[in-house]
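Have a look at the structure below, then the notes.
The values are calculated or read from the model by the stated rules, or taken from the named source; none is laboratory data. All values reported here derive from a predicted model rather than from experimental measurement. Every residue, glycine among them, receives a Cβ derived from its backbone with ideal geometry; neighbour counts consider all protein chains shown. Please note that ligands, DNA and RNA were not included when accessible areas were found on the heavy atoms of the full protein model with its side chains. Shrake-Rupley method; radii C 1.70, N 1.55, O 1.52, S 1.80 Å.
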Amino acid sequence: MSKSALITLRVQSPEGTKRIEVKPTDTVRELFEKVHDTFELNSFGFGLYKLKNHKDELISSRSKTVMDTGLSHGDMVYLVPLNGTVLWPQDGPSTSSASVNIPSAETTSMEMSPSTSRVSQGSSAMNSVRPLANVTEDEVDQKLWKMDGKIQQKRDEKLCRHGPNGCCVHCSPLEPFDEAYLKEQNIKHLSFHSYLRKGTAGVDRGKFLQLEDISCRIKTGCKDHPPWPRGICSKCQPNAITLNRQQYRHVDNVMFENASLVERFLNYWRSTGHQRVGYLYGRYEINTDVPLGIRAVVAAIYEPPQESTRDTVSLLPDPRQELVDELARILGLQRVGWIFTDLIADDVQKGTVKHVRNIESHFLSAQECIMAGYFQNQHPNACRFSPSGYFGSKFVTVCVTGDDKNQVHMEGYEVSNQCMALVRDGCLVPTKDAPELGYVIESTDKQYVPDVYYKEKDSYGNEVSRLARPLPVEYLLVDVPASTPLTPQFTFYVNEDITPFPVENRLVDGQVQVFSSLCTYMQQFTPDQFLEAVSDFHLLLFIATMDMLPMKDHMAPLLSAIRSGNREQALEWARSEHWATVEQLISATSTSPHTSRGIAFSNSPGASVSTVGVGTGAGNGAAVNPIPEQSLWTCRHCTFINSADLATCDMCSLPRF
């Protein structure tokens with residue numbers, strides 16, 4: 001090969017392939033510069049490899065020439081962005097970024113997703129690797145990343161020939177992803193942090209790790225052809241997807257602090273026979289039962305506005321959702337999942353329910369998988385090693401149904417990152433007659449949908465690919481055990497001898513949150529038990545949003561006292577002016593039916609009455625004019641029209657005056 005003759009190299013990148021002419025005597029550094037200029041890149045944050053599997057890297061050098069690398073005319077070189085570097089101008093949404101489409105308030109159809117994981121190893125020439133995204137990870141992730149994660153083994157008396165302080169192959173610590181150990185402990189899925197360690201095994205932790213999200217959308221901004229449907233190319237066309245059962249899970253266990261949480265949630269089904277949906281509020285903790293595992297601990301269940309029947313539940317717009325999330329945040333909680341019932345009574349006398357979800361039917365229906373994918377996309381998992389800053393989700397799904405012994409039990413799930421991508425990009429819909437089957441829609445002139453496949457064994461035992469029309473949703477599910485601990489925990493006060501405060505958004509007799517419910521509930525406690533009385537998530541939400549006197553702007557000291565269990569601070573807040581007004585209303589409402597705000601009315605028309613001091617400026621014994629005769633009066637709190645002989649509203653139980 002002549003040293004002066006030009007040679008042509010083909011350079012393949014995620015944005016396409018281009019030809020570059022160089023001289024054999026050009027340095028490798030000059031080759032990098034020509035690649036940079038030809039592809040019009042934003043930076044030099046890329047690597048060049050001679051092999052497609054990112055092996056045999058070309059190292060930038062001022063002394064080494066192209067001839068020295070062994071490259072010849074017509075060879076292919078592979079360009080790979082390093083460490084998630086954005087090399088091209090972002091004219092449209094990146095294929096690696098997670099986008100969220102929030103549905104309108106009038107519909108419950110779900111769209112969203114982050115997606116499949118891929119751990120790729122980059123250049124070995126990198127001196128150090130910083131996190132790809134500047135995000136604040138959950139506290140539990142920060143703790144787990146600092147842990148060694150090794151599984152300690154005891155000295156084997158039969159095989160170990162060393163002293164008590166020695167170590168050999170038979171007793172050395174195991175990696176957290178050791179397959180034999182996981183199988184022995186009956187652990188079905190890797191924890192997410194074990195999966196990360198497995199992807200970086202043999203190298204320094206944190207190096208060469210990049211988690212990429214798949215996208216089912218056409219990349220916008222391609223100028224080589226007219227936009228879809230008039231044109232498409234390999235640069236902007238999303239790749240076909242082959243569904244695989246996910247090896248890892250972001251949460252390894254769902255634990256309800258105590259059985260009372262679930263029983264209180266199930267009381268609605270027991271009293272109405274209708275199904276119910278709730279949001280789980282709690283926290284994430286390290287799960288010591290699984291190497292580098294994470295546990296979602298549930299402390300409260302909030303029930304949003306909904307319409308339900310024996311077979312269906314429809315969620316309604318919730319104007320208080322932001323307030324609920326803020327209230328939980330101040331209490332040190334966050335939304336960690338959702339729960340729903342699918343219960344059909346079998347024998348009312350025995351208290352048994354039908355066993356409808358099993359391997360012969362389905363575990364989660366396609367619609368429930370889509371709903372779970374929607375929620376997981378609403379709550380993405382912050383991850384430092386994803387270019388978008390988020391990867392997967394810790395949001396869990398819990399279904400309360402009947403087991404094979406016809407007893408009520410809970411089953412926990414997550415949907416895979418692939419399912420999240422299909423839901424986010426609007427590619428997955430349920431089938432009409434088969435709940436266990438989903439359906440990947442076909443491309444239209446408005447939306448391009450990539451081919452989606454799954455693999456199964458045919459009658460001869462051969463593994464074959466099937467087009468996901470229809471799709472068994474079992475390929476999208478990840479099991480997450482759900483349970484209650486042997487030793488109950490209590491973030492909020494629970495006493496079986498106390499009638500609990502009604503749960504929000506229940507339109508059932510005896511379970512409606514009205515002011516009289518607050519009066520009845522508070523009368524069960526002594527003044528010294530104020531902290532216990534207000535340690536109820538549903539009660540705090542009612543106090544914060546009371547129609548006549550909303551307390552949300554004055555509750556910060558109370559919430560701090562509840563979070564820290566500070567009784568003195570709670571009692572000090574109870575003596576505040578704001579709560580004193582509520583106590584006066586409770587006292588007035590709890591007296592005779594003809595008492596309102598401390599004003600006692602005579603039964604005889606026209607009689608004069610006197611006030612009792614309730615902080616209204618009265619209480620000095622001054623006479624008050626009697627109420628004029630009228631047939632009806634309208635409650636100024638709820639606008640309900642009441643008869644004249646009532647001093648409190650028949651609907652909301654608040655005083656007339």
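Within the stretch 259-317, list the GluC sites (Glu not before Pro) lying in a DSSP loop whose Cβ has at most 16 other Cβ atoms in a 10 Å radius. Present the calculation step by step, with values, prior to reporting the outcome.
Working: sites: 263, 285, 307; in loops: none.
Sparse-neighbourhood loop GluC sites (Glu not before Pro): none present.
Estimate the FRET efficiency between residue 172 and residue 289 by the formula 1/(1 + (r/R0)^6), using the beta-carbon distance for r and 30 Å for R0, to the nearest 0.05.
Values: r = 22 Å, r/R0 = 0.74.
The calculated FRET efficiency here is 0.85.
Within the set of other residues whose C-beta is less than 13 Å from the C-beta of residue 178, count the net charge using Lys and Arg as +1 and Asp and Glu as -1. Write out the running numbers ahead of the final one.
On the way: positive: 150, 183, 197, 198; negative: 175, 179, 184.
My count for the surroundings of residue 178 gives +1.
Which net charge results when you count Lys and Arg as +1 and Asp and Glu as -1 among the other residues whose beta-carbon is under 10 Å from that of residue 386?
Details: positive: 384; negative: 212, 213.
With Lys, Arg at +1 and Asp, Glu at -1, the net is -1.
Could you tell me how far the Cα centroid of the stretch 218-262 sits from the Cα centroid of the stretch 431-490, in Å?
Each part's Cα centre sits 13 Å from the other's.
Please list 520, 136, 27 from largest to smallest accessible area, probe radius 1.4 Å, with all protein chains kept in place.
Working: 520 90, 136 120, 27 25 Å².
Listed by decreasing accessible area, they come as 136, 520, 27.
Check the straight Cα-Cα distances from residue 350 and name the lysines below 21 Å, setting aside those fewer than 8 residues away within the same chain.
405
To the nearest 10 Å², what's residue 66's accessible area with a 1.4 Å probe?
Accessible surface of residue 66 is approximately 0 Å².
Taking the DSSP beta bridges in the stretch 285-413 as the whole, what percent of them are antiparallel, to the nearest 5? Could you put the intermediate results ahead of the total?
Working: 16 of 21 bridges.
So the antiparallel bridges amount to about 75 percent of the total.
For an R0 of 30 angstrom, estimate the FRET efficiency from the Cβ-Cβ distance between residue 225 and residue 441 and round to the nearest 0.05. Don't skip to the end; give the middle numbers.
Numbers: r = 24 Å, r/R0 = 0.79.
The formula returns an efficiency of 0.80 here.
Could you tell me which GluC sites (Glu not before Pro) in the stretch 464-552 are loop residues by DSSP with no more than 14 other beta carbons within 10 angstrom of their beta carbon?
Working: sites: 474, 496, 504, 532; in loops: 496, 504.
Here the GluC sites (Glu not before Pro) that fit, given the DSSP loop and packing criteria, are 496.
DSSP loop (so not H, G, I, E, B), at most 16 other Cβ within 10 Å: list which GluC sites (Glu not before Pro) in the stretch 356-437 pass both filters.
Passing both the DSSP loop test and the Cβ count: 360.
What FRET efficiency, computed as 1/(1 + (r/R0)^6) with R0 = 45 Å and r the Cβ-Cβ distance, is obtained for residue 487 and residue 547, rounded to the nearest 0.05? Mind dumping the intermediate values first?
Working: r = 40 Å, r/R0 = 0.89.
Efficiency at R0 = 45 Å is approximately 0.65.
Within the stretch 166-203, which residues have the backbone N less than 13 Å from the label spot 7 Å out from residue 156 along Cα→beta-carbon, could you tell me?
From the stretch 166-203, the list is 168-174, 181.
To the nearest 10 square angstrom, what accessible area does residue 354 show with a 1.4 Å probe?
Its heavy atoms expose roughly 90 Å² to the probe.
Rank these by accessible area, largest first, 1.4 Å probe: 526, 200.
Details: 526 75, 200 5 Å².
Descending accessible area places them as 526, 200.
At a probe size of 1.4 Å, how large is the accessible area of residue 563, to the nearest 10 Å²?
150
Quick one: ranking 222, 383 by accessible area, 1.4 Å probe, largest first, what do you get? Write out the running numbers ahead of the final one.
On the way: 222 35, 383 5 Å².
Largest accessible area first, the residues go 222, 383.
Accessible area of the stretch 423-542 with a 1.4 Å probe: how many percent of it is carbon plus sulfur? Each step should come with its number before you reach the end.
Working: 3090 of 6270 Å².
Carbon-and-sulfur percentage of accessible area, whole number: 49.
Find the centroid of the Cα atoms in the stretch 268-291 and in the stretch 1-70, then give the distance between the two in whole Å.
Answer, in whole Å: 56.
Please give the net charge around residue 451, taking every other residue with its beta carbon less than 12 angstrom from that of residue 451, where Lys and Arg add +1 and Asp and Glu add -1. Intermediate values should be presented prior to the final figure.
Numbers: positive: 466, 469; negative: 442.
Residues near residue 451 contribute +1 overall.
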